[in-house]
Amino acid sequence: MEQGLLIQFKDLGAILVLALSALGSGSGAGIAGMSAIGAWKKNFAQNKAASFLLVALTAAPLTQTIYGFIVMNRMLSLTLSGQYLWGVGAFAGAAIGLSAYWQGKCAAVACDAMGETGKGFGNYLVVLGMTETVALLVMVFTIVFLGHLAG
């Protein structure tokens with residue numbers, strides 16, 4: 001591959017980790033949001049109080065974008081030294097993004113249950129925390145790996 005063309009893609013790994021994390025966050029929050037709206041609709045139709053706590057459940061997948069941003073910043077410093085890291089960005093971003101996606105699916109079910117019963121918020125947060133932990137571990141392990149690459 002021509003060197004000039006290759007240089008155009010030097011930041012690809014860094015942007016991949018952020019973009020894939022954000023895709024997962026957006027998808028997860030969207031899925032959870034649809035469920036929250038459905039739960040509120042049921043509550044309003046039955047003249048029941050609609051819990052604002054569903055917003056917290058819906059927002060849970062958004063933190064994975066922050067994790068992708070943190071990893072991206074670390075990767076950008078390495079790209080300045082000539083390392084491209086496309087695979088690191090793609091796989092770390094995919095893992096963080098999938099964590100956000102599945103967290104959104106869990107949050108959707110939690111919104112449905114909370115809307116129906118009005119109970120269990122703490123239990124639902126524990127499950128969301130478990131899926132969040134995957135993204136945190138990927139972020140930490142990727143930063144450790146990048147530290148080894150930096151020398």
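The residues on offer are 85, 76, 80, and the sole one that is of a type in the set (A, V, I, L, M) and farther than 17 Å from residue 21 by Cα is 80.
Each row is one residue, and each column tells you yes or no for (1) surrounded by fewer than 22 Cβ atoms within 10 Å (Cβ to Cβ); (2) of a type in the set (Val, Ile, Thr); (3) out of contact with any helix residue (DSSP H, G or I) (no Cβ under 8 Å at 6 or more places or on another chain); (4) assigned to a helix (DSSP H, G or I).
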residue: 90; (1), (2), (3), (4): yes, no, no, yes
residue: 93; (1), (2), (3), (4): no, no, no, yes
residue: 104; (1), (2), (3), (4): no, no, no, yes
residue: 130; (1), (2), (3), (4): yes, no, yes, yes
residue: 142; (1), (2), (3), (4): no, yes, no, yes
residue: 145; (1), (2), (3), (4): yes, no, no, yes
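Counting only helices (runs of 4 or more DSSP H) wholly contained in region 1-61, the ones carrying 1 or more residues that are farther than 18 Å from residue 88 by Cα and among the basic types (Lys, Arg) occupy 12-45. Got at least one residue in region 97-119 being touching a residue at least 40 places away in the same chain (Cβ under 8 Å), farther than 22 Å from residue 40 by Cα and among the polar types (S, T, N, Q)? Yes, region 97-119 contains a residue that is touching a residue at least 40 places away in the same chain (Cβ under 8 Å), farther than 22 Å from residue 40 by Cα and among the polar types (S, T, N, Q). Set side by side, the residues 80, 6, 18 differ, and just one is hydrophobic (A, V, I, L, M, F, W, C) and either closer than 17 Å to residue 113 by Cα or touching a Ser or Thr at 6+ places or on another chain (Cβ under 9 Å) (or both), which is 18.
Checking each residue of region 63-86 against the condition of being surrounded by fewer than 20 Cβ atoms within 10 Å (Cβ to Cβ) and more than 30 Å from residue 143 (Cβ to Cβ) gives no match.
Coordinate-derived values only; no laboratory data. Everything quoted here is computed from the prediction, not taken from an experiment. Note that we place each Cβ from the backbone using ideal geometry, even for glycine, and neighbour counts take in every protein chain shown.
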